[in-house]
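Below: the structure, in structure tokens.
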Amino acid sequence: MAERRLNCPLCGLEFAPADTLCRHGCPLRSTCGLTRCPSCDYEFPTERPRTWLERLLGPPAERGEAYCDHLAPALALAPGERARVARLLGSPQRCNRLAVFGLVPGAEIRCLQRRPAFVLRVGETELALDPEIARLIVVERPAQERTAEPAQGPARERTGRAG
């Protein structure tokens, strides 16, 4: 499995978390939420700080949100399946980033593919999402109205006319 890599927001260096000075002898490494870039020494947070409620209960993705039969994470959609976004889980910053692409509650989406990347279509926009992000999108599947729909052809056949 590939090791997770970090990018410094200041200098753009990509590095492994084990390469930082914070992991080698810093007395606050277990409580500090910052990472120091090995190139420019810029300190930045690697993760969003957890609220006291999340520390107590765990984040929503870890708690395993209970879904009813018509609600599911977007990751559960099959290719070609359509759904409507019910809500977005996660931080407000992440919700705002997704809203830029039209992924807002009430938006119609369609799953285009699941592998190698999870791809959704929102309006005329196609988004390739990480599975972790797709789990945070709660969708409402449409109710199956009638399985046997009447044919959309003409009601009766035309017969030849004499001219």
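Structure data summary
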| read-out | value |
| --- | --- |
| Segment 98-125, residues that are free of Cβ contacts under 8 Å to residues at least 24 places away in the same chain and under 11 Å from the mean Cα position of the chain (by Cα) | V119 |
| Count of residues meeting criterion [open to solvent by 50 Å² or more (accessible area, probe 1.4 Å) and at pLDDT 80 or above] in segment 13-33 | 2 |
| Scope segment 130-145; condition at pLDDT below 90, acidic (D, E) and more than 14 Å from R97 (Cβ to Cβ); matching residues | E145 |
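The values are calculated or read from the model by the stated rules, or taken from the named source; none is laboratory data. Computed from a prediction, not measured in an experiment: that's the story for all the values here. Here Cβ is always computed from backbone atoms with ideal geometry, including for glycine, and neighbour counts include all displayed protein chains. Protein only, heavy atoms only, side chains kept; ligands, DNA and RNA dropped before computing areas. Shrake-Rupley method; radii C 1.70, N 1.55, O 1.52, S 1.80 Å.
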